[in-house]
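The values are calculated or read from the model by the stated rules, or taken from the named source; none is laboratory data. Just so you know, these numbers come straight off a predicted model, no measurement behind them. Note that we place each Cβ from the backbone using ideal geometry, even for glycine, and neighbour counts take in every protein chain shown. Calculation scope for accessible area: heavy atoms of the full protein, side chains included, ligands and nucleic acids excluded. Shrake-Rupley method; radii C 1.70, N 1.55, O 1.52, S 1.80 Å.
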Amino acid sequence: MKKVQKNDRIGVITNILTNNPNKIYTLTYFCNLFNCAKSTISEDLDVVKDIFNNYHLGYIETVSGAAGGVYYNPLMTDEQIKEFTKELSQLINSSDRIIPGGYIYMNDLLYSPEISKKIGMALASLFRGVEVDYIITIETKGIPIALMTAMALNKPMVVVRNQTKLTDGTAIHLNYISGSKHRINTMCLSTRAIKKGSKVLFIDDFMKAGGTAKGIMELMQEFEAQLVGIGVLMATKVPEDKVVKDFKTLLWLDAVDENNKVVDIYNNK
C-alpha cells in the first residue's frame, strides 16, 4: 500500500468519526487502515481536534487504556441549542401551520433529515452525562427525532406500539390514561425489546399533560427497566400541573389561536 498523505488521512478520519458518533475507534484501527505508526495517527487526531474545537463542530474525545481509542461526540453546547431552537420556533410560529382543531402541522419538520438530525442532537445534549442503554419512543411522529437521538448517542432505538404485530412475538400490554383527554389508550412492547435492568431515555415529539410519558414510565417498570430521562421537542404551558414532573423540552407552546391564526411558541431563552 502506498503512503497516504496527511490531508487524505485527516479527511478519512473525520468522515469515519462523524458518520459514527460515539463509536470508539482504536488507534490501531487507523494504523492498519493507513499503514502508518500510532504517533502519526496521534498527530492527525490533534489536528482534527483543533478543527472541531475552533469551529464548534462537536468534540473529538479520547479514551485511555487497553480498550481505549477515539470517538466523535456531536453534542451541542447550551448556546448552540438556544440558537437552533430559536430558529426552529421561528419556523413553527406561522399562521400557515394551523390546521382545523387547533393543531400545528409539523410533519415537514419532523421528517426533514436535516432538521430532525439537529433536533436529535439537541435532545441528546440535554442528557449529556446520563448513562443510557436504549432510546425509546412511541409510534409514530416521535420516531424520526428519537432515531436521530439514538444515532447521536450511539444507542439502539425501541418503538412502543399501539398494538402488537405478529413479528413482535410475546408482548407486554399496558393501558394508560391520556393526561389531556382522559381517554384510555393501549401501548405494547415485545418482551425481547429491552433487557432487564436497562436504563432507558424516552423521546417524543409533543407533551401536553404527560399521560403518554407516565404510561411509558409504568411500562418500563414491567420490564424492570429504569427510565432515566424524558425529552420532548415541544411541551404545552397548560396544564402546568403535568402527570410527570421531571422532563426536558426544547420548545414551549403557549397558545394556538385558531380564529386569529396565531401560534405562540418559544424556546428556553
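Checking the range 204-218 against the condition returns a match, with at least one residue being in a loop (DSSP other than H, G, I, E, B), modelled with pLDDT under 95, hydrophobic (A, V, I, L, M, F, W, C) and surrounded by fewer than 23 Cβ atoms within 10 Å (Cβ to Cβ). Restricted to the range 17-33, and to residues that are buried (at least 16 other Cβ atoms within 10 Å of the Cβ) and within 15 Å of V48 (Cα to Cα), which residue is nearest to the chain's Cα centre (by Cα)? Per the stated criteria, the residue is P21.
Of the residues examined, I60 is not one that is open to solvent by less than 40 Å² (accessible area, probe 1.4 Å), more than 19 Å from Y266 (Cα to Cα), without any contact (Cβ under 8 Å) to a residue 24 or more places away in the chain and not aromatic (F, W, Y).
When the residues of the range 140-183 are narrowed to those that are charged (D, E, K, R) and over 30 Å from Y72 (Cβ atoms), which ends up least open to solvent (accessible area, probe 1.4 Å)?
Among them, the one singled out is D168.
Criterion applied to G129, G215 was being small (G, A, S) and free of Cβ contacts under 8 Å to residues at least 40 places away in the same chain, and the one residue passing it is G129. Within the range 219-231, being of a type in the set (V, I, T) and surrounded by fewer than 23 Cβ atoms within 10 Å (Cβ to Cβ) holds for one residue alone: V228. Considering every residue within the range 37-45, establish whether at least one is of a type outside the set (G, A, S) and at pLDDT below 95. The answer is yes; a qualifying residue exists. Determine, yes or no, whether G102 is closer than 21 Å to M234 by Cβ and among the small types (G, A, S). Yes; evaluated as a whole, the condition is true for this residue. Determine, yes or no, whether I81 is surrounded by 12 or more Cβ atoms within 10 Å (Cβ to Cβ) and in contact with a strand residue (DSSP E or B) (Cβ under 6 Å, 6 or more places away or on another chain). The answer is no for I81. In this structure, Y55 qualifies as out of contact with any Ser or Thr (no Cβ under 8 Å at 6 or more places or on another chain), under 30 Å from L251 (Cα atoms), among the aromatic types (F, W, Y) and without any contact (Cβ under 8 Å) to a residue 60 or more places away in the chain. When the range 88-98 is limited to residues that are within 20 Å of W252 (Cβ to Cβ) and exposed (fewer than 13 other Cβ atoms within 10 Å of the Cβ), the one that is farthest from the chain's Cα centre (by Cα) turns out to be S95. Among the residues of the range 257-266, those identified as open to solvent by 50 Å² or more (accessible area, probe 1.4 Å) and either within 22 Å of the chain's Cα centre (by Cα) or polar (S, T, N, Q) (or both) are N259, N260, Y266. Of the residues that make up the range 235-256, is at least one in contact (Cβ under 8 Å) with a residue 60 or more places away in the chain and open to solvent by 50 Å² or more (accessible area, probe 1.4 Å)? Yes; the residues of the range 235-256 include at least one that is in contact (Cβ under 8 Å) with a residue 60 or more places away in the chain and open to solvent by 50 Å² or more (accessible area, probe 1.4 Å). Return a yes/no flag: does the range 157-177 have any residue that is touching a residue at least 60 places away in the same chain (Cβ under 8 Å), touching a Ser or Thr at 6+ places or on another chain (Cβ under 9 Å), of a type in the set (D, E) and outside any loop (DSSP other than H, G, I, E, B). Within the range 157-177 (the criterion being touching a residue at least 60 places away in the same chain (Cβ under 8 Å), touching a Ser or Thr at 6+ places or on another chain (Cβ under 9 Å), of a type in the set (D, E) and outside any loop (DSSP other than H, G, I, E, B)), the answer is no, since none of the residues qualifies.
Taking the criterion of being within 23 Å of T18 (Cβ to Cβ), open to solvent by 30 Å² or more (accessible area, probe 1.4 Å) and outside any helix (DSSP H, G or I), the residues of the range 99-133 that qualify are Y111, R128, G129, V130.
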